[in-house]
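**Q** Dumping the structure here so I can ask a few things about it.
Any read-out appearing in this document is the output of simple, stated calculations on the displayed coordinates, not a laboratory observation. Quick caveat: nothing in here was measured; it's all calculated off a predicted structure. With ideal geometry, Cβ positions are generated from the backbone for all residues, glycine too; neighbour counts draw on all protein chains shown.
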């Protein structure tokens, strides 16, 4: 880092009241600790610059380049960074409250312990970003925001924009869920299905062993192409090879129900009292439901079903 002539000129001009610094070349400049609030740096190259503790409150940094710059402790409250490039930036212990990062590139950015309350991340690229200890409550995102697959914005209290919620409510997936709820058809997730499958597998393995359990699952499976997405690993864990948030239609649930019923029936022919060994509360959501009726009014959570009935449902 070095104190460039442009950096010194920038400080002097700011003190004289100038606020528009478009066209400045500040790559690798050292601007530590200076006040640059309410300035215009649109499109300026600040890559690799030392911007520690700089006050950018209300600044316009749209389309600016800040790749790998050090913004530790910077104040970006209310700043505009739409379309800015902040790849691998060090934005640590900074204040980005109400900062607009729409369409910004924060790929691989270090965002540790930064305040992003009410910041806007619509369409931002956050792949590989490190949010350790960051405050994201009330921050806004949309369906175009790119997160790591392991990152769930809802768990850190981020909010989807109202327009996006309205759009999402009109999506085919959401309409299917809403229609099922309207008609009182049970909504069962892939995660629940896998939990049921693997519970049955665990019980069966104790008596049938791994090889026989695998064969029973295979022989019990109905001929329905979509069911091929379920696979059994070498450890006999059943996995699903598509999106886990896949909405299950009534047709798919009927095939899954038939598969589980046949598996239980086949196991019961070999294992005495097999149904009594199962977690009835776990499996009843699938086995006791009637997915063929469009206007089901029965509350499955209160329906009583015992282990003997598992063979007859």
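**Q** What spacing in nm lies between the two simple spin-label points modelled at residue 117 and residue 207, each 7 Å away from Cα in the Cβ direction?
**A** Result: 5.8 nm between the two label points.
**Q** Still on this structure, I have one more. Given all pairs of different Cα atoms, what value in angstroms does the Kirkwood hydrodynamic radius of segment 249-292 take?
**A** Working: mean 1/r = 0.0898 Å⁻¹.
About 11.1 Å, per the Kirkwood formula over Cα pairs.
**Q** For a quick protection proxy, order the peptides 251-261, 60-70 by their average other-Cβ count within 10 Å, most packed first.
**A** Descending mean neighbour count gives 60-70, 251-261.
**Q** Could I ask something else about it? Can you tell me the order of 217-223, 188-194, 125-131 when each peptide is scored by its average per-residue count of other Cβ atoms within 10 angstrom, highest first?
**A** Top to bottom by mean Cβ count within 10 Å: 125-131, 188-194, 217-223.
**Q** Extension gain residue 35-residue 225, at 0.36 nm per residue separation less the Cα-Cα distance, in nm?
**A** 62.0 nm
**Q** Provide the packing ranking of 273-284, 100-111, i.e. peptides ordered by the mean count of other C-beta atoms within 10 Å per residue, highest first.
**A** 100-111, 273-284
**Q** Within segment 21-35, find all residues whose amide N lies under 14 Å from a label point positioned 7 Å from the Cα of residue 15 along Cα-to-beta-carbon.
**A** Of the residues in segment 21-35, 34-35 have backbone N under 14 Å from the label point off residue 15.
**Q** For segment 1-170, place one equal point scatterer on every Cα, skip the solvent, and apply the Debye formula. What is log10 of I(q)/I(0) at q = 0.08, 0.09 Å⁻¹?
**A** -0.23, -0.29
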